[in-house]
Amino acid sequence: MKKLLVTGSSGLIGSEVVTHFSKLGWKVYGVDNNMRADFFGPQGDTRWNQQRLTEVFPDFTHRELDIRDRPNVLKCLEEIQPDVIVHTAAQPSHDLAASRPFDDFDVNAVGTLNLLEATRRHAPEAVFVHMSTNKVYGDRPNTLALQELDTRWDYADADDYDGIREDFSIDQSKHSIFGASKAAGDVMVQEYGRYFGLKSCCLRGGCLTGPNHSGVELHGFLSYLVKCNLEGRLYKVFGYKGKQVRDNIHSHDVARFIEEFAKAPRCGEVYNLGGGRANSVSILEAFEIAGEVSGKKMQYEYLDKNREGDHICYISDLAKCRAHYPNWGITVPLHQVFEEICASWRSRTQG
């Protein structure tokens, strides 16, 4: 039986990867210490998801481990010696990082290094998949020519229509502290691939979403937006007239890409993994879809101050993903994403 190690296994992407590979018959080990509750308070707590996974999948084993704990990370890899490592654990908020920079860097950069070196020492033939972020590009995407439409910002140049490609520069831009720490981990994953020959890739995610997200204001765009809609809570829009655009990818399609990469891995690769243009949406457009799905009108207030380093329009160009792995593509359309998130929040509230 093949063995998979997932860090951040109680989070959105981690739990989806656990689910996906468990259904494929893998022995799955999850590493998580519920740091999200520490970062975001009770609303960010992921213990419910950990409990769900242990109840549903008998071959899933949870390990309580902080990836900053270098000796125990080394011990974990030595004991398990997995065939594939999927690293999703992170401090994910660029707002929070500014107030807790040591914690942010220690988790995102140092924690990633701990896992890479543990893999090199104890599982050198393993495939290493790192969940990076589009924030490694900093605010440089905002330098592209944009046009203002009725409900969104969009690229003005036809050459940019499909979105941001992997050769887009990550240099000399404002990343936020979070973006900088994630860029450090991203480059290190590439380096372990190019220097040591580790079968590794960085997945620079757009908006990763799905029904198992514990969305909060500081992280989890669609999940938190839908939750606010359902509860009649006031949603704060930070600048750009609410027309800022994100491309949203369902966690299932992320897990499917990871499966394809594990079948035919490369060394030190980079992929922009998002929903692409078809799954792109602005905040104003998201309000409309959320209202259609829930039957409730969105309550929001506008603050004329954007978040530091925030993207005005970000769409992932999926051409490289599809070229390298032609069996992969987006299978969950945007409206279905909203429907699943809405149903999940309602079931959690009722449960």
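Below, the figures for the structure above:
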{"read-out": "Scope the stretch 305-351; condition closer than 19 Å to residue 206 by Cα, of a type in the set (S, T, N, Q) and more than 19 Å from the chain's Cα centre (by Cα); matching residues", "value": "306"}
{"read-out": "Residue within the stretch 4-14 that is on the phi > 0 side of the Ramachandran plot, of a type in the set (Gly, Ala, Ser), modelled with pLDDT of 95 or more and touching an Asp or Glu at 6+ places or on another chain (Cβ under 9 Å) present", "value": "yes"}
{"read-out": "Failed criterion for residue 63 (all others in (1) surrounded by fewer than 16 Cβ atoms within 10 Å (Cβ to Cβ); (2) of a type in the set (D, E, K, R); (3) at pLDDT 95 or above hold)", "value": "(1)"}
{"read-out": "Residues of the stretch 37-79 that turn out to be aliphatic (A, V, I, L, M), in contact with a Gly (Cβ under 9 Å, 6 or more places away or on another chain) and part of a loop (DSSP other than H, G, I, E, B), as a count", "value": "1"}
{"read-out": "Any hit, the stretch 26-36, residues being at pLDDT below 95, of a type outside the set (Gly, Ala, Ser), farther than 21 Å from residue 250 by Cβ and in a helix (DSSP H, G or I)", "value": "yes"}
{"read-out": "Tally of residues being at positive phi and touching a residue at least 40 places away in the same chain (Cβ under 8 Å) across the stretch 276-297", "value": "1"}
{"read-out": "Residue that is nearest to residue 9 (Cα to Cα) [pool: residues in the stretch 73-86 that are surrounded by 16 or more Cβ atoms within 10 Å (Cβ to Cβ) and without any contact (Cβ under 8 Å) to a residue 60 or more places away in the chain]", "value": "73"}
{"read-out": "Residue match in the stretch 81-94 (condition: part of a helix (DSSP H, G or I), modelled with pLDDT of 95 or more, in contact with a strand residue (DSSP E or B) (Cβ under 9 Å, 6 or more places away or on another chain) and not hydrophobic (A, V, I, L, M, F, W, C))", "value": "no"}
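The values are calculated or read from the model by the stated rules, or taken from the named source; none is laboratory data. No experiment lies behind these values; they were computed from the predicted model shown. Cβ: placed from backbone, ideal geometry, glycine included. Neighbour counts: every protein chain shown.
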